[in-house]
1. Can you give me the distance in nm between label points at residue 108 and residue 157, each placed 7 Å from the Cα along the Cα-to-Cβ direction?
2. Provide the packing ranking of 347-358, 18-29, i.e. peptides ordered by the mean count of other C-beta atoms within 10 Å per residue, highest first.
3. Please compute the contact order of the range 417-501 in relative form: average sequence separation of alpha-carbon pairs under 8 Å and at least six residues apart, divided by the residue count, as a percent.
4. Among 122-132, 242-252, how do they line up from the highest to the lowest mean number of other beta-carbon atoms within 10 Å?
5. Based on the alpha-carbon gyration tensor of the range 451-538 and its eigenvalue square roots a ≥ b ≥ c, which shape applies: rounded if a/c is under 1.5, prolate if not and a/b is larger than b/c, or oblate?
6. Would you mind telling me the antiparallel percentage of the DSSP bridges in the chain, rounded to 5?
7. Which of the peptides 375-384, 512-521, 276-285 is most tightly packed, and how do the rest follow, judged by the mean count of other Cβ atoms within 10 Å per residue?
8. Note the full-extension length gain between residue 474 and residue 72 as 0.36 nm times their separation in residues minus their Cα-Cα distance, in nm to one decimal.
Ligand code: G16
């Protein structure tokens, strides 16, 4: 049976031959590179997803997206049955299969089926989604061809253009028989908007909170979903949606990554706009807030500020409701030093540091009853343990505990399956409303240490290896020692470097007491990386 399926796959693969011998790895968020290199990878991912589905006897998700990357890139992420990222051992298998020469495919598929004990009689079930990139429909077809090569009548639910978080949501709802929500896009929008409206109640204006918001849709799927959401919110929140297309300019001078890295406003948002703005990224899993003050100065509230807003509010609600649940936070090395200080010293909330990649943060957040995890780039969510969900719901339903009822409301607004810009946005708005805060009051919770992110193009970014949650360099030899000397010159200086898992660059992070010093520190470290890896530095 295994060899029969392998023969079918080899036959179908003739329409998706491996025309490039560039090695393509499973990076921070799946396979990601230039779209025109990905046809054979997509076909093989389709094969892997169908086999994985048979093995786990559940629906698997496949999302075609390169998220924050430019339009010409594309990629694919695989989602396991509980909505979590693909199991690491299968990342390795998928990478092996994606990079095999065509004539080795058969042998490798047979060995995968036999070694993993895959029950071939189970019907494959795969849920597929894609972002708005022009290359996505053809790459999606390659995935579907791969799924069908394994089994012609596989169950394929092709949802077309959806956000990455919606794909995760659909996988969870499909596998749990609809307990988490209705497994449709409308079900997702209805669930979140209903929960938000319940939290806000009758009066959508409170204290200094104004229910008006600009959403920067990054010219991508975030704009598509926001349009649906705006209708469903029914004026509870008045939204002015900008950067809604046309196709081909995804993330161009807009979106969460642009705002975070360039530390400036996106296109079509200006200093006289007078409102707070939420920027989404290309697949709507990241969120960054921004505003201009009375003097016209730009301010950015990134993933750290969002995490602290959630952590502070949940901490407060836990105290008020007298529920004995352990709250914790998870960050990466990119977290601003001030945010970690605020969490540990002011809120007394424990903070775990993991390597970059939401899969690591998600895992670490499961250690707490309520685990708030965010990367500084705006990618994150809050996890509630089974015990937390039960404790909160019990307290809320017994009556008279307003804080527990509010916490219960957040259980429905938050998409715990993965970082979700739309759900996070509604969470932020609900908290600001609850506190009666303007964005400025939120911003003054703590002051960020000035920082700078740089990219260095090098011949081989994998020359750089790291340890200690990416905070120390192991190779190239001598780089960490050079960095230690440079960092010591700057007051409050901190810097680290790591190879990107989504772009062909080495990333450099620097923070110091002033912006000028952070910029200088970043440049000096980038120059050292460039010299030791023979590359060139660019912003
Ligand atoms: C992905 C990952 C994030 C990661 C980001 C950048 O985000 O999901 O966890 O922070 O890539 O990764 P790197 O620095 O390795 O390039 P997205 O939104 O692009 O899918």
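Rule-based calculations on the coordinates, nothing more; no lab input. The model shown is predicted, which means the values in this text are computed figures rather than measured ones. Neighbour counts run over all protein chains shown; Cβ positions are idealised from the backbone, glycine included.
1. The answer from the label model is 3.0 nm.
2. Descending packing order for the listed peptides: 347-358, 18-29.
3. So the answer I get is 20 percent.
4. 122-132, 242-252
5. In terms of gyration-tensor shape, prolate.
6. The answer is about 65 percent antiparallel.
7. Ranking, from highest mean packing down: 276-285, 375-384, 512-521.
8. That works out to 141.4 nm of additional length.
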